[in-house]
Each structure stands twice: as C-alpha cells, then as structure tokens.
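K.L.:
Mind having a look at this structure? Questions to follow.
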Amino acid sequence: MATTSDVASLASAVGGDVVEVKTIVPPGTDPEAFEPRVSDLLTLSDADLIVRVGLGYDLWIDKLIIQLHRPEFQAGGRRSVDASTGVPVLEVRGRNPVTEDGHAHGLGNPHYWLDPANADAVTAIIAEGIIGLIPAARDTIVANRNRFLATLHERIVAWMQQLAPYRGTALVAYHNSWPYFARRSHLNLIGFIETKEGVAPSVAHLSSLIAVMRQSGARAILQEAYEPKNLSEMLSARTGVPLVVLAPTVGSVPEARDYLTLMDFNVGALARTLATASQ
Ligand SMILES: [Zn+2]
C-alpha cells in the first residue's frame, strides 16, 4: 500500500509481478490537502507493506494505523517503508512535521520525487522493504530495480539536454513543489504565489512578486495541475510571463501515467514554454 501515486509508481517498478500496489490518495487530488476516509481503513487493513513519502507529507496515515492497531505499519516498523530515508532533503527546518495550516513542509521540503535522480534512493529503500518480507524474491526485485534505473538514467540525460538551453532561467511557482526539480535542471526559482504553503497571497505580496519577476526577468510561472489557476493567470496577464501547468504527482494530468511519463510531461511542457518565451 502506497500513500501516493508517486511512491506507488516506483514501488510497481521495483516490485513488478511480485507485488500488487494500491494507492490511498486518489489521482488528481492534492496529497497535502488529503483527508483519509473510512474506506481507506479497509484498504489499509489488507496491506502487507506500507510505503509512505515521509517528511510529514502523508502523516494522516498514522491516524489510520493507530485505528487499525498495526504497530508494524508505524514509521520504523517491520512493514513500513519511509521512501524519504536515503534522500538528501532540501529546506530542512526541523519544525513540526505539519505546519499550523496543515501543510507538510515542516521538516523539510517533501517534494523530493520531482528530482528523478532521487528515484535511486527511493527504489533502494522500497526494494529493501519488499525483500525483507519476501526474501525469496530478492533476485527478481534487484533485477526489476536495475532495469528501471537503466531506463531512468538514460532518460535523465535526455531530460537534462532538453532543459540545458535554459540553465539559470528565473521562474516563479504557485506552490513550493519544485526545488528538487529546479536544482537538478539548474533552474532558478525566485518566488512563490503562495506566501506560505497552502496560504493564499495578499495584494501586497503579489505586487512585490511582480516587481521581483520584472527585475529578474522571470520566464515562466509554474502552476500545479490541482491548484486554483486564477492568481497565476492574473500574474501572467500583468507581466506577460507565460503560465505553464505542470504535474506535481503521477495522475495529476492524464499524460503523467507513471513516474517516467510524469517527468516526460514536466520537462516537455516546461521546455516548450521556455522556447516560446525566449523567442
Ligand atoms: Zn508542498
């Protein structure tokens, strides 16, 4: 059982036929605003292994686990995988895992899967979790992971080539979902429409963001597929900077069917927008 579609896709890539992967957060919904339902408790009770994003992103699962009385599913438990374990975390803050407005950027930025190079560490810890439960499947799991990583590493080279002409380009985003993606692609995130995770901006914030965008020559406004578009559209109209809708999670746009197509979609959409913006 994977909390989100992103870790679900990586668990499927590693587990192959050995596992059946189910996801709790429905595709196309914002996992940071997710409230579990009673039916999720039933789904979870069938699980053999839990894979979570960690860093407070899917803290709601702990409530379900407590209700189920399954301590082995708890963080650190024998049937629990925290996919963030081996990932170098950005924006480490050491606050409560979930901030007072309910958004999970308290421990650090949780959107680490958007750097495709982090899939190495994520698939390693998932593979370890599956092999721990089914030692006989070790060779299959290791082979599945190696095959997936070979494809991924080839694609990373191609993705970075697609974005290479835009190295250092200034961008703004609606939500702070993209620091891992931006670091890998050498893009420069200079500001956010939200003043804090999950908090709508004031007029004063938007005015200063417009000034910063003009000063730094921002070339695109990144918009998460499931966030409201009206403010990004207003900002785009005021500055002439194009708006590009990206997929923060697998399933948040129809093209992002799995982990590889998620990256394909984001890199392609951003490269097309930046190519037009620089003409
Ligand atoms: Zn977030």
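K.L.:
Stick to Cα atoms and the Kirkwood definition of Rh, then tell me Rg/Rh for the chain.
P.N.:
Ratio of gyration radius to Kirkwood radius for the chain: 0.98.
K.L.:
Enter the accessible area per residue of the chain (Å², integer; probe 1.4 Å; all protein chains in place).
P.N.:
Result: 43 Å² per residue.
K.L.:
A further question follows. Which Cα, out of GLY191, HIS105, ALA33, lies furthest along the positive dipole direction of the chain (beta carbon charges, K/R +1, D/E -1)?
P.N.:
GLY191
K.L.:
Could you look at region 115-159 and say what percent of its accessible area is carbon and sulfur, using a 1.4 Å probe and all protein chains?
P.N.:
Working: 1200 of 2080 Å².
Carbon and sulfur atoms account for 57 percent of the accessible area of region 115-159.
K.L.:
While we're on this one: Which GluC sites (Glu not before Pro) does region 30-124 hold that lie in a coil by DSSP with at most 16 other beta carbons within 10 Å?
P.N.:
Sites meeting the loop and neighbour criteria: GLU91, GLU100.
K.L.:
What residue among LEU222, LEU262, LEU235 shows peak mean-square fluctuation when the chain is described by a Gaussian network model with Cα springs under 10 Å?
P.N.:
Looking only at LEU222, LEU262, LEU235, the largest GNM fluctuation is found for LEU235.
K.L.:
Same structure again: Across every pair of different alpha-carbon atoms, what Kirkwood hydrodynamic radius in Å does region 5-139 reach?
P.N.:
15.3
K.L.:
Taking the chain as the reference, fit the longest principal axis to its C-alpha atoms, fit the long axis of helix 5-15 to the helix C-alpha atoms, and give the angle between the two in degrees, 0 to 90, nearest 10.
P.N.:
50
K.L.:
I want the local charge near VAL142. Using Cβ-Cβ distances under 15 Å, sum +1 for each Lys or Arg and -1 for each Asp or Glu among the other residues.
P.N.:
-1
K.L.:
Percent of Cα-Cα pairs more than 30 Å apart in region 120-279, please.
P.N.:
Pairs farther apart than 30 Å: 26 percent.
K.L.:
Work out, step by step, the length gained on full extension between LEU41 and GLU128: first 0.36 nm times the residue separation, then minus their alpha carbon distance; give nm to one decimal.
P.N.:
On the way: separation 87, 0.36 × 87 = 31.32 nm, distance 2.52 nm.
Extra length available between LEU41 and GLU128 comes to 28.8 nm.
K.L.:
At a 1.4 Å probe, what is the % contribution of carbon and sulfur to the accessible area of region 160-277?
P.N.:
Roughly 52 percent of what the probe reaches on region 160-277 is carbon or sulfur.
K.L.:
Another question, if that's okay. When only DSSP loop residues count, what GluC sites (Glu not before Pro) in region 217-260 have their Cβ near at most 16 other Cβ atoms within 10 Å?
P.N.:
GLU255
K.L.:
Moving on to the next point. VAL18 versus VAL203, label points 7 Å from Cα toward the beta carbon: distance in nm?
P.N.:
6.0
K.L.:
Let me ask something else. Pick from THR123, THR169, THR151: which residue has the top mean-square fluctuation in a GNM of the chain where Cα pairs under 10 Å get a spring?
P.N.:
Most flexible of the set in this elastic network: THR151.
K.L.:
What does the helix-only formula give at 222 nm for the chain: each DSSP H stretch with n ≥ 4 adding -39500 (n - 2.57), the total divided by the residues, and the result rounded to the nearest 500 deg cm²/dmol?
P.N.:
Only helices count here, giving -13500 deg cm²/dmol.
K.L.:
Could you tell me which of rounded, prolate or oblate describes region 134-196, using a ≥ b ≥ c as the square roots of the eigenvalues of the alpha-carbon gyration tensor, with rounded for a/c under 1.5 and, failing that, prolate when a/b is larger than b/c and oblate otherwise?
P.N.:
oblate
K.L.:
In degrees from 0 to 90, rounded to the nearest 10, what is the angle of the helix 230-239 Cα long axis to the longest principal axis of the chain?
P.N.:
In the chain, helix 230-239 runs at an angle near 40 degrees to the longest axis.
K.L.:
Most mobile of VAL51, VAL212, VAL38 per a Gaussian network model of the chain (Cα springs, under 10 Å)?
P.N.:
Maximum fluctuation in the GNM of the chain, among the listed residues, is at VAL38.
The values are calculated or read from the model by the stated rules, or taken from the named source; none is laboratory data. Please read these numbers as outputs of a predicted model, since none were measured by experiment. No Cβ is skipped: glycine too gets one built from the backbone with ideal geometry, and neighbour counts run over all protein chains shown. Heads up: the accessible areas ignore ligands, DNA and RNA and are worked out on the full protein's heavy atoms, side chains in. Shrake-Rupley method; radii C 1.70, N 1.55, O 1.52, S 1.80 Å.
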